[in-house]
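Below: the structure, in structure tokens.
Bear in mind these aren't lab numbers, they're just calculated from the coordinates by the rules spelled out. A quick note: this is a predicted structure, and the numbers were derived from the prediction, not measured. Glycine gets a Cβ as well: all are built from the backbone with ideal geometry, and neighbour counts include every protein chain shown.
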Amino acid sequence: MTALFPALIGDFFGRLAVGAIVGFVFALAGSPAAFGPLIAGYLYDATHSYREAFELSAALNLIAFAMVFWLKSRSESDRLVLTIERTMCCATELEVAHFLEAGSQLLL
């Protein structure tokens, strides 16, 4: 999943925003990851079993998986804007002008 994460972010938010979003999310995820072993150790000390730690981890992963279904797919106009953004990153001015002209005709 870690290898696909930047690609998924690019699909949802565009390539121009990938670096900032992925950096923020990975930095934000690092802090809770540091506390996971501490919580698991506390649960082990309290119960003399790792079962509760694994159950808590599984429950949190299921919640995260369920939250994926809350993501909304892009509308057609958002897809056009994203495609224009991608084209502008890699195309010449003439190609961008031609693409914008064709895109405006699609919206009519």
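Annotations for the structure displayed:
- For the stretch 1-71, the Stokes-Einstein estimate of translational diffusion at 10 °C and a viscosity of 1.306 mPa s comes to 112 µm²/s, using the Kirkwood hydrodynamic radius over alpha-carbon pairs.
- Backbone N atoms of the stretch 1-45 closer than 18 Å to the 7 Å Cα→Cβ label point of residue 52 belong to residues 35-45.
- On the beta carbon distance between residue 42 and residue 7, with R0 = 25 Å, the FRET formula returns roughly 0.10.
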